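Shown next, in C-alpha cells, is the structure this report addresses.
Please treat every number below as a calculation from the coordinates, not as lab data. What you are looking at is a predicted structure, and each value in this text was computed from that prediction instead of being measured. When we count neighbours, we look across all protein chains shown, and the Cβ atoms used for this are built from the backbone with ideal geometry, even at glycine.
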Amino acid sequence: MALSFLPALALALCFGPPQPVQIAGYSGHAMEPFISRDGETLFFNNRNGPSDQTDMFWASRIDDTHFRYRGPVAGANSAELDGVPSLARDGTFAYISPRIANGRAAAIWTGHWAGAAVDSPVLNHALTPGRWPLFNMDAEISADGRRLYIADTRWAAPIPRASDLRLAVRTRDGWRRAREFDFWFASINTSRALEYAPATSSNELELYFTRLTPHFLAPPALEIMVATRADVTSAFGVPARIAAIIGFVEGPSVAPDGALYLHAKIDEMHVLMHAARTC
C-alpha cells in the first residue's frame, strides 16, 4: 500500500479501534511491539517491571491479528533488561538494554538479525545523552538502517522526569548523536509532557510516538500521537492525537499498509493490539 501525504489532523482520524493480537503459543505479558518492514515478523518484549526478567521474543505472521510464537530473540537477551526491538531492511537489529559505567548509562545496542538470532550485538556508548540519570529509554531504527529515532530520558520514580525525541545517524565509524536534526522535533517535544517510543513509516514522512502527560494527584494521560512532513529534510509538523486509540496505550509500530501495532494494559495484563488504517 502506497501511503500518500496527509496532514496530522487528518491522518489521526484514519485508524479504527484497536483489536487484540493473538500470538499462538505465547501467554505472557507482551509490550513494545515492532512489526518488520515486510510485515512477516513481529518482535516484542515481556513486562518491564522492576522485578521482571525482561527479554525479547519473536513471532511469525499468520494474518494481521494472528501470529505464531517462535521463541526468544537469541543472541540479544541477557540477564539485564532487554527490550524495545526494531529491525531495518538490511538486517540491522536495534534494542535497549541499559548498562551504567563511570556514571554514564549506555542503552542502545545494534547487531544483525540472521533470521532466528542476533549476531554480534554492540553497545553504542556514543549515543548516551549524558551522565546518569540521563539515558535512552527507547529507539527505533529507520527502514533503511541509516537513522535511529531515540528518546533522551531523565530517570525518576515512579515515572521519568523528562523525555524528548532526538536523532542519531550511522557513519562509517559507527553511530553518532545528530543534534543538527533537533529542529525536526521542535513541534513535538514539550517541557511538560514526556515524548517517547518513536515509530516511523518506511518513508519517514510519518512519525508516531507516545506522549505521557503527568497530572497532580491523578494518573497520567497516555496518548498515541502522529506528526507528518512533506519531505525527508523538513521538520515534523504539530502532532495530533489518534482519536481511536485510548486508555493505557504505548509503543506504536507502523505496518507496511500503514496500520499500527501497539501495546495496551487491560485488566492488569499487557497485550498487543492492531489498529487498522482506513485512509
In the list (i) 0.92; (ii) 0.98; (iii) 0.95, the entry giving Rg/Rh (Cα atoms, Kirkwood Rh) computed from the coordinates is (i)
Determine ³J(HN,Hα), in whole Hz, for all residues of the stretch 210-226 in sequence, where each value follows from phi through the Karplus function 6.51 cos²θ - 1.76 cosθ + 1.60 and θ = phi - 60°; x replaces Gly and Pro.
9, 10, 10, 10, x, 10, 5, 6, 8, x, x, 8, 10, 9, 9, 10, 9
Do you know the relative contact order of the stretch 77-135, to the nearest whole percent, from alpha carbon pairs under 8 angstrom that are 6+ apart?
27
Backbone N under 17 Å from the Ile266 label point (7 Å along Cα→Cβ), restricted to the stretch 13-27
16-27
Relative to a virtual label point 7 Å from the Cα of His112 in the Cα→beta-carbon direction, which members of the stretch 134-158 show backbone nitrogen distances below 20 Å?
141-148
For the chain, what does the helix formula give at 222 nm: sum of -39500 (n - 2.57) over DSSP H segments with n ≥ 4, over the residue count, nearest 500 deg cm²/dmol?
0 deg cm²/dmol
Expressed in nm to one decimal, what extension gain is obtained for the pair His125 and Ser78 from 0.36 nm per residue of sequence separation less their Cα-Cα distance?
15.2 nm
Highest-fluctuation residue, Asp63, Asp119, Asp267 considered, GNM on the chain with Cα pairs under 10 Å
Asp267
Cut-off 17 Å (backbone N to label point 7 Å along Cα→Cβ of Asp257), residues of the stretch 6-49:
14-22, 35-42
Can you list residues from other chains, or at least 5 along the same chain, whose modelled amide H is less than 5 Å from the amide H of Gly75?
Val118
Counting other beta carbons within 10 Å of each residue's own, what order do Asp182, Asp55 fall into, fewest first?
Asp182, Asp55
